[in-house]
Amino acid sequence: KAGVTQTPRYLIKTRGQQVTLSCSPISGHRSVSWYQQTPGQGLQFLFEYFSETQRNKGNFPGRFSGRQFSNSRSEMNVSTLELGDSALYLCASSLEGAPGNTIYFGEGSWLTVV
Amino acid sequence: AQSVTQLGSHVSVSEGALVLLRCNYSSSVPPYLFWYVQYPNQGLQLLLKYTSAATLVKGINGFEAEFKKSETSFHLTKPSAHMSDAAEYFCAVRTTGGGNKLTFGTGTQLKVEL
C-alpha cells in the first residue's frame, strides 16, 4: 500500500514568487492536512481538508492556501514568498471515523526561498 | 486548548542504556496522544499512540509509552538504545473539536553514543 506522496521533494524559489506543493494521500483517506516545520517554530499546523472542504485552519497569513480535489489529492500554495517561508512542508492523511486513527505523514517538500 | 510539553530538547544515552523521553500533556478531556520519530531528511513516522484502550502502549522498534493521568504524562521509553535510534522524537496530541489536527511538542533530539 503506497504511503503519502509529496512532490516535489526539493525546490528553490526566489522571494516574491509563488509555489505549489502537491500531496497524494493514502488510498481511501479523505482527510489531508498540511504542516510547516522550521527550526525556530517547530511543527505548525497549516490547514486540513476533508471532502474538498477546508475543515481546520492554523494561524498562518492568507498567502498560504490550499485545496483538495475530488480524488482527495491536495495542493498547497504559497504566494509572494518570503525568506521565512523556507521550511519543510509535510502532508498527512488519515481515515475518518475515530479520533484514534493514525495520521500518516509523507516525506515532505523542502522549500528554500532565496 | 490542548498542548504537549517535551522536557529536554537534547538527550544523550549510551548504546544499550535505557531511553527515556518525556512528554506531559494538558487537556481538559481524555486525550489522544502520539509519538512520532523523524530521521534526518525524512518525514514523520508513527511510533505508537494512546487511544484509551490501554495505559501501556507498545510501539515499533521496541519503544513503549505509559499514559499516566495522575501525572498528565506520556513518556516514551526503550530498555536498550541502539545506534539506529538516533533521531528526533515528537510527542503530539490530537485536538478536539473535530478533524485530524495534531499539536506537536518541540521535539527531543536523541543521540546514541558508543
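The values are calculated or read from the model by the stated rules, or taken from the named source; none is laboratory data. Because the structure is predicted, anything quoted here is derived from the model rather than measured. All Cβ positions, glycine included, derive from the backbone under ideal geometry; neighbour counts span all protein chains shown. Accessible surface is based on the protein model in full, side chains and every heavy atom, while ligands, DNA and RNA are left aside. Shrake-Rupley method; radii C 1.70, N 1.55, O 1.52, S 1.80 Å.
Report the charge-dipole magnitude of chain B in Debye, nearest 20, computed about the Cα centre from +1 at each Lys and Arg Cβ and -1 at each Asp and Glu Cβ.
For this selection, approximately 380 debye.
Please label the shape of chain B as rounded, prolate or oblate, based on the square roots a ≥ b ≥ c of the eigenvalues of the alpha-carbon gyration tensor (a/c under 1.5 means rounded; beyond that, a/b larger than b/c means prolate, else oblate).
Details: a/c = 1.94, a/b = 1.62, b/c = 1.19.
It is prolate, given that a/c is not under 1.5 and a/b is the larger ratio.
Relative contact order for the stretch A:8-58 using alpha-carbon pairs under 8 Å, separation at least 6, rounded to a whole percent? Each step should come with its number before you reach the end.
Numbers: 50 pairs, mean separation 11.6, N = 51.
Normalised by residue count, the contact order of the stretch A:8-58 is 23 percent.
How high is the relative contact order of chain B? Use alpha-carbon pairs under 8 Å, at least six apart in sequence, and give a whole percent.
Working: 290 pairs, mean separation 42.6, N = 114.
Relative contact order comes out at 37 percent.
Sort B:L20, A:L95, A:L21 by heavy-atom solvent-accessible area, probe 1.4 angstrom, most to least.
Working: B:L20 65, A:L95 85, A:L21 0 Å².
Ranking B:L20, A:L95, A:L21 by accessible area, largest first, yields A:L95, B:L20, A:L21.
Below 8 Å, C-alpha to C-alpha, sequence gap of six or more: please give me the relative contact order for chain A in percent.
Values: 292 pairs, mean separation 41.0, N = 114.
Once divided by the residue count of chain A, the mean separation gives 36 percent.
Please give the residues from the stretch B:75-114 for which the solvent-accessible area of heavy atoms, probe 1.4 Å, is smaller by at least 10 Å² with all protein chains in place than with the chain isolated.
Buried on complex formation: B:F90, B:R94, B:G98, B:G99, B:N100, B:K101, B:L102, B:F104.
So, in nm, how far is label A:A2 from label B:L56 when the simple model puts each one 7 Å beyond its Cα toward the Cβ?
With each label placed 7 Å out from Cα toward Cβ, I get 4.1 nm.
Can you grab the distance from the C-alpha centre of the stretch B:12-57 to the C-alpha centre of the stretch B:76-110, Å, no decimals?
Taking the Cα centre of each part, the stretch B:12-57 and the stretch B:76-110 sit 4 Å apart.
Using only protein heavy atoms and a 1.4 angstrom probe, determine the accessible area buried between B and A, summed over both sides, in Å² to the nearest 100. Intermediate results must be reported in sequence, preceding the final value.
Details: alone 6280 and 6200 Å², together 10710 Å².
Using a 1.4 Å probe, the pair buries roughly 1800 Å².
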